[in-house]
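The structure appears right after this line, and notes come after that.
The values are calculated or read from the model by the stated rules, or taken from the named source; none is laboratory data. For clarity, every value in this text was computed on a predicted model and none was experimentally measured. All Cβ positions, even for glycine, are placed from backbone atoms using ideal geometry, and neighbour counts span all protein chains on display. Ligands, DNA and RNA are excluded from the accessible area calculation, which covers all protein heavy atoms including side chains. Shrake-Rupley method; radii C 1.70, N 1.55, O 1.52, S 1.80 Å.
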Amino acid sequence: MLGISQTELAQQASVSRQTVVDFERGARTPYTNNLVAIRSALEAAGVEFIPENGGGAGVRLKPF
């Protein structure tokens, strides 16, 4: 969606690359502070998180 690597996301979120890798493959759920950091990095890159509204939660790129 954004075209960034796991390494770039980890750097932007100030978390380890392994945290991103494990989260993506469903091996573990990161600590709350790491989830917040990852979400903030994604939002800063233009991702908009859509709350569940009966149709399911999701993401999309913010319109510019």
Exercise. Per-residue ellipticity at 222 nm for the chain, helices alone: DSSP H runs ≥ 4 residues times -39500 (n - 2.57), over residue total, nearest 500 deg cm²/dmol?
Worked result: -13000 deg cm²/dmol
Problem set entry | Distance-filtered residues of segment 1-30 - backbone nitrogen under 18 Å, label point 7 angstrom along Arg60 Cα→Cβ | 1-2
Seminar exercise, completed: Per the Kirkwood formula over distinct C-alpha pairs, the hydrodynamic radius of the chain in angstrom is 12.5 Å
Exercise. Counting only protein heavy atoms, what percent of the accessible surface of the chain is carbon or sulfur at a 1.4 Å probe?
Worked result: 52 percent
Exercise. Top mean-square fluctuation among Ala44, Ala13, Ala27, Gaussian network model of the chain, C-alpha springs under 10 Å?
Worked result: Ala27
Exercise. Mind checking the dipole of the chain: about its Cα centre, +1 per Lys or Arg Cβ, -1 per Asp or Glu Cβ, Debye to the nearest 20?
Worked result: 60 debye
For this session: Using only alpha carbon pairs under 8 Å that are at least six residues apart, calculate the relative contact order of segment 15-64 and give it in whole percent.
Result: 22 percent
Problem set entry | HN-Hα J in Hz across segment 18-24 - Karplus 6.51, -1.76, 1.60, θ = phi - 60°, x for Gly and Pro | 4, 4, 5, 4, 4, 5, 4
For this session: Please give, to one decimal in nm, the separation of the simple spin-label points placed at Thr7 and Glu43, each 7 Å out from Cα toward the Cβ.
Result: 2.8 nm
Seminar exercise, completed: With the 1.4 Å probe rolled over protein heavy atoms, the chain has an accessible area per residue in Å² of 71 Å²
